[in-house]
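First up is the structure itself, then whatever we jot down about it.
The values are calculated or read from the model by the stated rules, or taken from the named source; none is laboratory data. Keep in mind that what you see is a predicted model, and the values were worked out from it rather than measured. Cβ placement follows ideal geometry from the backbone for every residue including glycine, while neighbour counts extend to all protein chains displayed. Note: accessible area is taken over every heavy atom of the protein model, side chains too, but ligands, DNA and RNA are not part of it. Shrake-Rupley method; radii C 1.70, N 1.55, O 1.52, S 1.80 Å.
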Amino acid sequence: MLIRKYLLFGAIMSATVIMLALLNWFPSAVQKEGIRKYKSIEDVENQLKIRKIFLPAYFPQYLIWPPAEIYAQRKPYKMVLMHFTNYERKEIVLSIRQVDPSDPAPLVSRIEPVTIKQRDNVLIKGRKGLLSIALCPGGEPCNSVTWREEGYDVEIIAKDSVKELLKIADSMMEGRPFSGDRVFNPGK
Amino acid sequence: MSFFGSYIGMYMVQSITHSVLTLFIVEMSLRIWQVGEARERFRYRLLVLILPFVMFPVFQLVNPDRGSFYFVEDTALFSSLRWINVEVFGVRPLFYLFFLVTGAVSFVVLLQEVVPIVRDWLSKPQQQEGEGTPAGSAIDGIVGEISAVLRIKKPSVFVIDDANPVIYTTGTKEHAIIMSEPLLSVFSDRELRGALAHEAAHIVRRSNITTLLVFLVRICMFYNPISLLEFRKLVQDDEQICDDITVSVTRDSEALASALRVFSLDVPHSETFRLSFVKEAIESSSHNLLLNERIERLENHVLIEYHPYGWVRYAASLAAIVGVSYFVV
């Protein structure tokens, strides 16, 4: 009799967990334009009708293509965030985010810097950008660069050198080739 | 940062969601474990009030990342904000419903609890605890006898000059039973013994301090509709436990039932609509409803012999509530 009661209790708790999971799934099933995880960049383009998705032409060899995760939304603000993993370490080492500048609280990357050591203005194919030399939790280098392009704030965070970071950023921009003349001085 | 992204916003949303979940699991547990004792039921229901009050800060201490988007995305079982942000024709109905419900509940708590306390405090600043005249040797004798059975220090009994039938216990360390003068003539000896034993039972259970703590939690969660409802159930359970203790001492449930009838309130009515009448009528009807439930219970002799407490099943319910709530944000 007592065993039956414990089994019934276990069954009811399991049903509660399943019910909660279903209730959690339902809003994302009916709200197509809110923030969601997507399987591919094509899905984002087709389902959210976001025409311009910034992708690097230069892609370091240690990164795995396609992105490990893609989060995107159309409403209330357009946003695409991609995370890329390292081939050997199998951890996220690069994130690329484009977000509507009017979004007051955009989704942050999984590799968010915790200690900013230095900030500098840089030019990315002639566009003004801001470079942050920073550290991630654990003291790992975690540099980022942001600039505005085609109505988006674009941000790249990489667990890599400043040189590689800017190379990736440059490769995402159309227009004149990189002149090598930056405001930033990496030797500082 | 939006309101729901702040710690206050997260606390409000999650404490309400956790209250609903805890209430569901507790009610299921009461049925599955077939809990009939008021004492055991009280302990289960206490969880509905206390756990949602403390779980959010404890969870955040255990895992500060619990409020992040990635916890919701990767780990959480249920996110309240997903529902709050659901848009229907460009409007977020649950967003507005949340503020409507919490606002209405806060207003009720303010009107029902805070205003009367402040009003009483302002209008009767001269009234102090312990006011009244000693009840006399006959009543002292009854209370002494009951106290000996319940193994408590004999409380003093004072009679106050109040036209209403009133009896209650004061104090948290040194207790005293206060009763109004009309009760001395209204109560028979048996009823008086039952009423005094009931008050002594409150002393045994330390009801004053328990109720005060529960009340403070309820006031802290002034916006939470579940806390508002659950507080009443807890108070009612506490009264039933004291009824059970009383009958175990006096062996006279009919006398206690009869004594309780004295406290029924007249429900006011008026030919013309007045808000104060409506409020008073609702309060009186609610009071009578709870009183009648106790009277019926005593008359039907549904008093239970207490048995060793089911701690294992209680622990199972507690673990289920805490375990599931951690993943509900």
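Numerical summary
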| read-out | value |
| --- | --- |
| Near pairs, Cβ below 8 angstrom, 6+ apart or cross-chain, from segment B:310-321 (more than 8 Å from every other protein chain (Cβ to nearest Cβ)) to any residue that is open to solvent by less than 20 Å² (accessible area, probe 1.4 Å) and among the acidic types (Asp, Glu) | B:Gly310/B:Glu40; B:Tyr314/B:Glu40 |
| Segments classed as helices (runs of 4 or more DSSP H), wholly inside segment B:1-112, with at least 1 members that are facing another protein chain (nearest Cβ under 9 Å) | B:7-32, B:69-74, B:80-84 |
| Residue in segment A:80-91 that is touching a His at 6+ places or on another chain (Cβ under 8 Å) and either in the same structural domain as A:Ser109 (by TED's automatic domain parsing) or open to solvent by 70 Å² or more (accessible area, probe 1.4 Å) (or both) present | no |
| Residue that is in contact (Cβ under 8 Å) with a residue 60 or more places away in the chain, in contact with a strand residue (DSSP E or B) (Cβ under 8 Å, 6 or more places away or on another chain) and open to solvent by 20 Å² or more (accessible area, probe 1.4 Å), where the choices are A:Leu55, A:Leu23 | A:Leu55 |
| Residue ID - surrounded by the most Cβ atoms within 10 Å (Cβ to Cβ), chosen from residues in segment B:151-206 that are free of Cβ contacts under 8 Å to residues at least 24 places away in the same chain and within 22 Å of the chain's Cα centre (by Cα) | B:Val166 |
| Any hit, segment B:209-229, residues being open to solvent by 30 Å² or more (accessible area, probe 1.4 Å) and touching a Cys at 6+ places or on another chain (Cβ under 9 Å) | no |
| Selection from segment B:87-99 of residues that are without any contact (Cβ under 8 Å) to a residue 12 or more places away in the chain and either of a type in the set (Ser, Thr, Tyr) or surrounded by 11 or more Cβ atoms within 10 Å (Cβ to Cβ) (or both) | B:Glu87, B:Arg92, B:Pro93, B:Leu94, B:Phe95, B:Tyr96, B:Leu97, B:Phe99 |
| Output for segment A:13-35, where each listed residue is within 23 Å of A:Lys49 (Cα to Cα) and of a type in the set (S, T, N, Q) | A:Ser28, A:Gln31 |
| Options A:Met82, A:Met19; residue that is away from chain B (no Cβ under 14 Å) and modelled with pLDDT of 95 or more | A:Met82 |
| Top-ranked residue of segment A:26-42 - restricted to ones that are part of a helix (DSSP H, G or I) and within 9 Å of another protein chain (Cβ to nearest Cβ), ranked as most open to solvent (accessible area, probe 1.4 Å) | A:Phe26 |
| Set A:Ser102, A:Ser95, A:Ser109: member being more than 15 Å from A:Pro137 (Cα to Cα), buried (at least 20 other Cβ atoms within 10 Å of the Cβ) and of a type in the set (Gly, Ala, Ser) | A:Ser95 |
| Criterion: in a loop (DSSP other than H, G, I, E, B), at pLDDT below 90 and either farther than 28 Å from B:Gly5 by Cα or β-branched (Val, Ile, Thr) (or both) - qualifying residue of A:Pro56, A:Pro104, A:Pro60 | A:Pro60 |
| Those residues of segment B:170-205 which are of a type in the set (D, E, K, R) and within 17 Å of B:Ala148 (Cα to Cα), in sequence order | B:Glu174, B:Arg193, B:Glu199, B:Arg205 |
| Among residues of segment A:4-25, those that are under 21 Å from B:Glu27 (Cα atoms) and either of a type in the set (A, V, I, L, M) or outside any helix (DSSP H, G or I) (or both), counted | 12 |
